[in-house]
1. Work out how much length residue 24 to residue 58 would gain on full extension: take 0.36 nm times their residue separation and subtract the Cα-Cα distance, in nm to one decimal.
2. For helix 65-81, what angle does its Cα long axis make with the longest principal axis of the chain, in degrees from 0 to 90 and rounded to 10?
3. How are the C-alpha pair distances of the chain spread across 5 Å bins, as whole percents from the shortest bin up?
4. How much length, in nm to one decimal, is gained on full extension between residue 73 and residue 50, taken as 0.36 nm per residue of separation minus their Cα-Cα distance?
5. On a 0 to 90 degree scale, rounded to 10, what angle separates helix 10-20 from the longest Cα axis of the chain?
């Protein structure tokens, strides 16, 4: 098993929350006011989860902004350890 397989990515949590809300990437993007491409990049971990994105996720997925920013910080710190 690769070391980074134990890391929970912000994108994985976004996907889980989308499934719980029965929401598509397109619907999430529309509700957040961003492109579907931006959502796909976030899910893939290709872009950092910014404070602005965290605030939008809070409004749409009902998890606090601090949850998202902390998750991103932990994720990036673990990547640095690799």
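Any read-out appearing in this document is the output of simple, stated calculations on the displayed coordinates, not a laboratory observation. Worth saying up front: this structure is predicted, and the values here are computed from it rather than measured.
1. 10.6 nm
2. It works out to around 30 degrees.
3. Final binned percentages: 3, 16, 27, 28, 14, 8, 4, 0.
4. Details: separation 23, 0.36 × 23 = 8.28 nm, distance 1.02 nm.
Additional length available on full extension: 7.3 nm.
5. 40
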